[in-house]
Each structure stands twice: as structure tokens, then as C-alpha cells.
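What follows is calculated from the coordinates using simple rules that are stated; it is not laboratory data. Here the structure is a predicted model, which means the values were calculated and not measured. Ideal geometry is used to build each Cβ from the backbone, glycine not excepted, and the neighbour counts take in all protein chains shown.
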Amino acid sequence: MPEGDTIFRTARTLQRALAGQTVTRFETVLPKLARIDYDTPLAGRTVDSVESRGKWLLMHFSGDLILLTHMLMSGSWHIYRPGEKWQRHRTHMRIVVETPAILAVAFNVPVAEFHTAASLARREGFYSLGPAPLAGDFNPDLAIAKLAAQRDLELGRALLNQTVLAGLGNIFKSEVAFACGLNPFRKVATLTEEQLADLVATARKFLLANVTETSGHRRTTRSIQAEENLWVYGREGRPCRRCSTPIRAQKHTADARISFWCPVCQASRID
Ligand SMILES: [Zn+2]
């Protein structure tokens with residue numbers, strides 16, 4: 001599943017390929033987008049920039065038009081040269097943005113909307129986004145304060161709250177809690193200021209590391225082996241890489257998202 005690091009890399013790739021280019025053709029199978037393209041055509045506009053915010057991808061066009069997409073579980077953006085064979089079947093295509101040199105193709109994106117700057121600022125789930133650890137203007141103190149405010153939430157749920165940290169997903173959630181030695185089922189209220197700061201710094205470190213990662217595998221350990229790339233995520237019953245205790249996995253009752261942890265390295269005692 002794409003997390004903030006994946007979307008950041010996608011945005012960076014699209015930015016390099018498209019920024020400053022003029023759109024020569026826009027195609028979509030999504031009626032709402034097609035209607036806006038009909039009323040205010042995309043062709044002829046310039047792609048000003050492409051950026052990520054948390055797990056959202058924003059493509060800015062000249063004339064105050066923004067294409068907002070969210071990949072959820074299944075979506076992806078690809079870039080192709082004109083005439084190059086697509087890696088996905090055409091039936092999965094939702095959007096094509098074509099410039100003289102490049103086709104950017106969105107496959108299976110479940111959320112795709114056009115916005116103006118004003119309508120985007122009002123969009124539910126977007127204006128409330130917390131600080132994005134991969135953003136250039138990331139404010140760690142704000143992120144710590146937002147995390148601290150989730151007092152009654154279990155840590156594993158608070159870390160997934162996109163109003164706290166934009167871009168952290170289910171894999172990194174478990175990895176960050178492990179790296180900080182904290183049980184994901186502890187209430188945030190039981191954590192010290194220092195532990196909160198450690199969580200935020202670790203989340204940023206892992207996301208940043210995976211932005212530059214070239215192996216194609218998301219990883220938090222130092223190993224370059226694909227099967228040794230994570231500490232706890234997806235490793236239920238297998239030995240902890242630090243202490244050999246079997247890793248545990250359990251769903252949080254409120255949101256049913258699973259957390260993986262080592263019962264020894266992440267003892268639930270209150271420090
Ligand atoms: Zn352990």
C-alpha cells in the first residue's frame with residue numbers, strides 16, 4: 001500500500017517529467033473530470049508543479065486548476081514516452097495527461113478531483129492534514145503537539161491519524177513504534193514528551209530514508225535483503241530481530257487496523 005514516501009517519489013518523478021510543459025491532450029474515463037475538461041480545457045495549460053502532501057498527490061495547472069488524486073490501496077501514476085507500451089491494461093486507465101514528450105497515466109485511482117486553490121482549502125480530509133514529514137517546511141514541534149493531543153488514542157491509532165502526521169501508513173506505524181521501543185497499544189497519554197519527540201523524529205527518518213531508497217523495497221532495517229527489510233511488520237510469530245521473541249500481531253478494536261510488535265522490546269510497562 002502506498003505510504004507518504006511512495007507518493008512523494010511519484011510526485012517527484014511527475015514533477016521532473018511534467019513541470020513547465022504544456023498539456024497537449026487530456027483524457028479521462030471519470031465523468032466529473034471530463035465535464036470540467038470540457039468546460040475549461042486542460043489542453044493548452046501548463047503543468048506548473050506536482051507535489052505530494054501526505055498521501056495526496058497534487059498536479060497544479062496554470063489558470064488555478066489543481067488535479068487532486070489519492071491512491072488508497074490500488075492507484076498508481078506511471079509515465080511513458082509517446083508510443084511506449086503501458087505496464088497496465090488500458091481498462092485500468094483513469095486519467096491521461098499528455099505533453100509533447102511524456103504521457104502521465106493514472107491507473108485505478110479511486111479519488112480524483114479538480115479543484116481551485118480555494119475549493120482545495122475547504123476540502124474535507126485535506127485542509128485538516130497534519131504536518132507532512134517529507135515537506136520542506138515540516139514543523140516537528142507542531143507534529144509533537146498534535147500527537148500529544150491524541151491522549152486517549154492507542155499509539156498505533158494515533159500514528160495513523162492523518163491530522164497528526166500526514167503520510168504515515170500502516171507499515172511505518174508498526175516500524176516506528178518498534179524503533180522507539182513503545183507498545184502500539186499504549187495510550188498516548190502515558191508517553192513522555194521525549195518519547196513523543198522520538199516518535200515524530202523516527203517517523204520522519206524512516207519516510208526520508210525511503211524516499212532515497214533505490215532497492216524498490218520499503219525498509220527500516222539496515223539490511224538490503226528484501227526479506228530482512230522490516231523489523232516487525234508482517235512478521236507475526238517470527239523471531240524479533242533484536243531479542244528473538246516471537247513477534248505479535250493484533251488489530252486495534254476501534255479501527256481494526258493491525259499492529260505488529262515485540263512483547264519484550266516494546267513492553268507495555270509505563271516508563
Ligand atoms: Zn524483541
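For this structure, a couple of remarks:
- Axis of helix 4-18 versus longest Cα principal axis of the chain: the two differ by about 20°, to the nearest ten degrees.
- Between residue 62 and residue 124, the FRET efficiency estimated from the beta carbon spacing at R0 = 30 angstrom works out to 0.70.
- Applying both filters, DSSP loop and at most 11 other Cβ atoms within 10 Å, to the trypsin sites (Lys or Arg not before Pro) of segment 144-174 eliminates every site.
- Unit Cα scatterers, Debye sum, segment 62-184: log10 I(q)/I(0) for q = 0.09, 0.20 Å⁻¹: -0.38, -1.15
- When the Cα gyration tensor is reduced to axis lengths a ≥ b ≥ c, the ratio a/c is 1.5 or higher for segment 138-271, and with a/b not above b/c it is classed as oblate.
- Loop-located GluC sites (Glu not before Pro) in segment 105-171 (DSSP state other than H, G, I, E, B) with a sparse environment of at most 12 neighbouring Cβ atoms within 10 Å: 124.
- Segment 6-94: GluC sites (Glu not before Pro) falling in loop per DSSP and having at most 14 other Cβ within 10 Å: 84
- Alpha-carbon Rg with Dmax, taken over the chain, Å: 20.2, 62
- From largest to smallest, the equivalent ellipsoid semi-axes obtained for segment 1-147 from the alpha-carbon gyration tensor read 26, 17, 15 Å.
- P(r) tail for segment 1-87: Cα pairs beyond 22 Å make up 28% of the total.
- With each label modelled as a point 7 angstrom along the Cα→C-beta vector, the residue 96-residue 142 pair spans 3.9 nm.
- Under the simplified labelling scheme, the residue 21-residue 48 pair shows an inter-label distance of 1.9 nm, with each label point 7 Å from Cα along Cα→Cβ.
- Considering every alpha-carbon pair of segment 78-138, the percent of pairs per 10 Å bin, from zero through the bin containing the longest distance, is 17, 31, 33, 19, 0.
- Less than 5 angstrom separates the built amide H of residue 53 from those of 58, all sequence-distant by 5 or more or on a different chain.
- Pair residue 205, residue 73: separation of 7 Å Cα→Cβ label points (nm): 3.2 nm
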